[in-house]
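What follows is a set of notes on a single structure, which appears directly below.
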Amino acid sequence: MAIGGLISNRSFGSFIGSGKVCQGEQAILLHKGERSGIAVLHGNKFYRKLWSQTANGFLSGYTCGRYLRSTVHLDENTLKPLSVSPNGSQLISSVSLCHCKKSHKVSPRQRSRGSFGYYSFSSPVPGGCLEPSDKDGIGKNSTSAYYKSEEYDITEAKVDSLPSPDGMNEAILVGGDMQEAVPLWQDFPKRWVIVLLCFAAFLLCNMDRVNMSIAILPMSKEFNWNSATVGLIQSSFFWGYLLTQILGGIWADKIGGKLVLGFGVVWWSVATVLTPIAARFGLPFLLIMRAFMGIGEGVAMPAMNNLLSKWIPVSERSRSLALVYSGMYLGSVIGLAFSPILINKFGWPSVFYSFGSLGSIWFALWLRKAYSSPKEDPELSIEEKKIIMGGSISKEPVTVIPWRLILSKAPVWALIISHFCHNWGTFILLTWMPTYYNQVLKFNLTESGLLCVLPWLTMAAFANIGGWIADTLVSKGLSVTIVRKIMQSIGFLGPAFFLTQLIHVKTPAMAVLCMACSQGSDAFSQSGLYSNHQDIGPRYAGVLLGLSNTAGVLAGVFGTAATGYILQRGSWNDVFKVSVLLYIIGTLVWNLFSTGEKVLD
């Protein structure tokens, strides 16, 4: 058939509906036979845009504006515009489309960039025209269609008007690569929505964990607890925390990370809210409630690791994990900063009520937005699914945990041993730091509390810096194995170096700087051993993290107790020497036996 027609341009400052026509752009109604669609003329380019929404919203944006008549002659073979001529303008208040038998639409959640979908409508109006007010017959028998596209320059086209027989400006539906104009928040990668929700969960995790370290002071006065009782209460959290590390990994790998992490946040949030009530009932009830809280938080890291192993490609793995773990560090900062304010104004129970209630807000968002894997998400775009699923990561669910196979692999033991060595020094610094500031640097308790926030801030910053560096190195072609070894070596040798400098510093300022640098370099471990679980066994990422983190928690428990024993018979220099020795052992084990390749299928 002859190829030719008219394009009707409508210039809008904005478009009513989910999409927009920016200022300086002109909306173009395209029609050919039963096919109708919308493109945009931007400057002198036949540009690419499409709104994939319902017909009502589609039409409503075209009920006002300036109607600019133009004529475009299209080449029969190439479909490129040969001529264009403006024919004046007139105001319009409605738009009609020619009668069509079927309605075609592209779902907003099943779109693909680089493709063009079209709309056409079934009209109940006699004569075959559909007005914007007509709602019947719109959106029925919907299907999808996609066309490849090009951009066409029409500045040099010659005038060659072709009148439209029905009074409407029409144009051949050029196969155009039309991108959808969608709000920025809708175009945000879904995999990073999962990452941000995990970040928020870990933020709440540490907020709810550290509030007891502040609230315990007024609580011990009210209930007449001695130091031994305070230590017992603080340690009761780890009873439940140790219990669910491996179990949380098994559950996540078998039934999915969404359910397990959602369960964990709800569980520990309820336990946090019930803590003041349990304390008033008696010490045994408080100990049980703190252990219950540990049960909830114990599943968080394995479940998160399982989720990211399915959602994040290897080229973004370090950045995503660094961001999630920085949520823990910032949660500690927020908890330590706001707990004293709430206690002074509303009493110590307010800390538990307010922090615990935030979990309900997170859970509501989690239910709406999160899925255990990309395959389960009906809203995930085709393009992003290809990015996620294009990697080598297996997405199949786990039915049986091959314990013999897992424990027979040297890289698994490298993870476990390295995690133990890493957490020994980390937990000692974070647990005993206020005492060190007070005894050695002669800071008062207020100054010590403020300075305790500094390492968490440096860890949050350097974790994300390390993640960006690691992913950049991987994207440039450096092997994952080398990147993991480099990053974890910094995470071991950096703290070891700065701890040795503490022995020689003479001023409090230099001591605080060394402590901050020690923890900042420690945060590079997020791109080392903490990312390695997904490298060596993505299907069992939850179980692997549960195994290694169990060793890490044990290091914290034993290391904290051993530090007190060392200080009774020695000095802080002896404490630092033990940590440095374990950092060196961890470095050797990691570089000899770790790998970034998949060893568990």
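The values are calculated or read from the model by the stated rules, or taken from the named source; none is laboratory data. Not measured: the values here are computed from a predicted model. For accessibility, only protein heavy atoms count, side chains too; no ligands or nucleic acids. Shrake-Rupley method; radii C 1.70, N 1.55, O 1.52, S 1.80 Å.
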Using a 1.4 Å probe, what is the accessible area per residue for segment 209-321, in Å²?
36
Roll a 1.4 angstrom probe over the protein heavy atoms and tell me the percent of accessible area of segment 290-355 that is carbon or sulfur.
74
P(r) over all Cα-Cα pairs of segment 237-365, 10 Å bins from 0 to the longest distance, whole percent per bin, short to long, reads 13, 36, 36, 13, 3, 0
Tally up the carbon and sulfur contribution to the accessible surface of segment 461-601 as a whole percent, 1.4 Å probe, everything protein left in place.
71
Could you work out the relative contact order of segment 276-385, using alpha carbon pairs under 8 angstrom and six or more residues apart, expressed as a whole percent?
24
